[in-house]
Each structure stands twice: as C-alpha cells, then as structure tokens.
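Here is the structure we will look at, set down as structure tokens.
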Amino acid sequence: MTLNSILKHIISIDNTSSNRTIVYFLGFKFRHIKKAVKDAGTEFSKKYASPSEIPQATGFLRKIQLANLKFLKIFDKICIQNNFQYWIDFGNLLGAIRHKGFIPWDDDIDVGMLRDDYEEFIKKFQNGIPGFDDLYLEFNNNGKDKCFLKIKHKNIPNICIDIFPYDYYYKKTTEQEKQEISQKIYKIIKNKWNTLFIPFYINSPEKMRKRFCKIRDKQILNDNNIDKTLQPSLFYGIDYPHIHSNYVFDYEDIFPLKKVVYEDSEFPAPNNCELILRKTYGNYMEIPAQDCYPRHTNSEDTADKKLKEKMENFINQAF
C-alpha cells in the first residue's frame, strides 16, 4: 500500500465526477450529490406522473446505454458459451419490468450470479477473455466492506458490468427468518471495525473474498453444511454493502430463470421479478422523488470526440 493511498484514506476529496463529490476520511467514504444534479433530478421527478410518460434517454447518455447494451449482449454470449448462469438485477431488472429497457437515467449494467459460477468466472477469465481482448476483470475493492467484480472495457471507461454474487443459506426460510437474517447481514456489512483492515486487503481482492466467505460461514451460516439439492434460500453476498432492507429470497423466487424483454433483446431474469422488485424497492412503479440522475456518467460537455467515436464503433461492431 503506497503512501498516497494511505493518505487518501486519511482525508482526501475527489471532485472529478460530474455528479458527486466524494470525501475520504479515516477510511470512510462519504458521497455528496452535487446540488445542480440533485435539483435536476427533483425537477425531473415532478415533471412526469407515471413511468410510462418518461421518454427514453437521449444524447450522450443514450449512447452510453446502447454501448452497455452491446456489452451485456457480449457478456450473455460469453456466459452461454461457458455454461455460466446469470440474471439481470437491480436497476436493470427494474428497467426491464417498468420500461422494457433502461431506466431513462440509468447508465450501467448490474447482474447477479451464484457464488460457484462467480468464482469460476473469475478463475477462468482473470487473465483475459479469449476473443474479447478489450475486456478485462477488475475488482471494486475498498479493503473494508466492498469487493465485487466488474467487467470493463480498456478504451471506453464509461461502460461496465457489475457482477454481484449470491450465496446459499443452509435451509428454506420463513418470512420471519428472512427478516432476522437480513438484519444480521446488515449489521455485518455496517461493522465499522472493518475499516481497520484496509491496509491488509485493499490490494488483494482474493484475500478480501476469502475474508467475506469466512465471515459468511461463521456468522450467517453458523458453519452449517449446504445441501443445494434441497433448494435452500439465497441471500445477497456480503461482498457489497447493499442499501436495501431485504437480503434473502426463496430459491423459487429466482429459479428457474426466465427471459424478459430488455431493449431489443431478451435476457435471463429471476423467476419472480415482481416479488424481488417489491422487496427491493417497495412500490417500484413509482418514480423516485430525487434519484432521477445518472450514477456514473459524466455530462455531454465532458465527453471528447474520440470517446464518442469509440463508443459508436463499439455499438456497431459485430461479435
């Protein structure tokens, strides 16, 4: 760990994003939405009465969406060829059901994957993806409460696929047990003592994943053996500090996977999309009050001509 990275976690300010100011202090990360972006999102949510009235994204944001769509199609092909199961998740699942494609202000791809496939995917492609030389694996790792896999493009920084692992519980669960397990997971991922381990784990995703799995086995599974043939419940991996209140689903909520329409294609999705969205977002057909803004995208003004050309070529290339 370099001196600069240590100092960054003591105190530093990152103002490079067009959407947020990020402050690092003693290992903690604080995100502040810029006022202009927040105000624009609030005005946007007031403008439309229902999701069906919201128009499709335009301009540079739409180009990013189309590039991400091509990325998802490539990822889908890779998974089919290598027998990996995945499903669209979070904002993309919400977009599929509510908008038949991207949420008009969304700008990335989220997918879920069972832990075994997730680890095998990393093992198989950690040194590159044959036939797709511009794609590579990277970990979003802060050394404390986050370490999940991203697939990125070497020449187009605006697009990526986030892969979130799901773990098996050791039995089927009641609704009461789901709540108890969710509360336990929430406490684990919010444990501030994890900050002390940043110097040991921030440069080692493999150690970080092993640490998460060890915590999972001891504190969530209580060292119980997993019999997958019993189709036990599934829960979000603690590799990422999810902000939702529900972390546990029945096996039948997710499997068997089914296809849903997303833009001009169909992709795998959980078996009970509506239930998962309801447990994740509440009334998911409502337009959020303030969150109608891109999370990762810089504005049209900051996109140079070469980047736009690269995105256009990527969107149109055959694979």
*Lys305 is checked against (1) closer than 18 Å to Ile159 by Cα; (2) surrounded by fewer than 13 Cβ atoms within 10 Å (Cβ to Cβ); (3) at pLDDT 95 or above and fails just one. What number does that condition carry?*
(3)
_Tabulated pairs, region 124-140, first over 10 Å from Ile78 (Cβ atoms), second exposed (fewer than 11 other Cβ atoms within 10 Å of the Cβ), C-beta under 9 angstrom, 6+ apart or interchain_ = Asp133/Lys154; Asp134/Lys154; Tyr136/Lys154; Leu137/Asn127
*asked:* Which of the numbered conditions does Asp117 fail, given that it passes all the others? Conditions: (1) touching a Pro at 6+ places or on another chain (Cβ under 9 Å); (2) modelled with pLDDT under 95.
replied: (2)
*Would you mention how many residues in region 185-205 are loosely packed, with under 14 Cβ neighbours inside 10 Å and part of a helix (DSSP H, G or I)?*
6
*Hey, any hits in region 146-169 for a residue that's more than 30 Å from Gln65 (Cα to Cα) and surrounded by fewer than 18 Cβ atoms within 10 Å (Cβ to Cβ)?*
no
*Residues of region 88-134 being more than 21 Å from Val261 (Cβ to Cβ) and of a type in the set (Phe, Trp, Tyr), which ones?*
Tyr118, Phe121, Phe125, Phe132
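Okay, residues lined up against (1) of a type in the set (D, E, K, R); (2) within 17 Å of Thr280 (Cα to Cα); (3) touching a strand residue (DSSP E or B) at 6+ places or on another chain (Cβ under 7 Å); (4) without any contact (Cβ under 8 Å) to a residue 12 or more places away in the chain:
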position: Ala67; (1), (2), (3), (4): no, no, no, no
position: Lys70; (1), (2), (3), (4): yes, no, no, no
position: Asn82; (1), (2), (3), (4): no, no, no, no
position: Gln85; (1), (2), (3), (4): no, no, yes, no
position: Gly91; (1), (2), (3), (4): no, yes, yes, no
position: Ala96; (1), (2), (3), (4): no, yes, yes, no
position: Trp105; (1), (2), (3), (4): no, no, no, no
position: Asp110; (1), (2), (3), (4): yes, yes, yes, no
*Only residues in region 279-297 that are modelled with pLDDT of 65 or more count as the first member; pair them with residues that are among the polar types (S, T, N, Q) and in a helix (DSSP H, G or I), Cβ under 6 angstrom, at least 6 apart or cross-chain, and list the lot.*
Ile287/Ser45; Ala289/Ser45
*Those residues of region 207-229 which are outside any loop (DSSP other than H, G, I, E, B) and either closer than 15 Å to Leu114 by Cβ or touching a strand residue (DSSP E or B) at 6+ places or on another chain (Cβ under 8 Å) (or both), in sequence order*: Met208, Arg209, Phe212, Cys213, Arg216, Ile220, Lys228, Thr229
_Single unsatisfied condition, Asp133 versus (1) assigned to a helix (DSSP H, G or I); (2) surrounded by fewer than 18 Cβ atoms within 10 Å (Cβ to Cβ)_ = (1)
*Which of the residues spanning region 208-228 are farther than 19 Å from Lys171 by Cβ, of a type in the set (D, E, K, R) and crowded, with 16+ Cβ neighbours inside 10 Å?*
Arg209, Arg211
*Filter the helices (runs of 4 or more DSSP H) completely within region 53-128 down to those with at least 3 residues that are touching a Ser or Thr at 6+ places or on another chain (Cβ under 6 Å).*
none
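The values are calculated or read from the model by the stated rules, or taken from the named source; none is laboratory data. Worth saying up front: this structure is predicted, and the values here are computed from it rather than measured. So basically every Cβ, Gly included, is an ideal-geometry build from the backbone, and we count neighbours across all protein chains shown.
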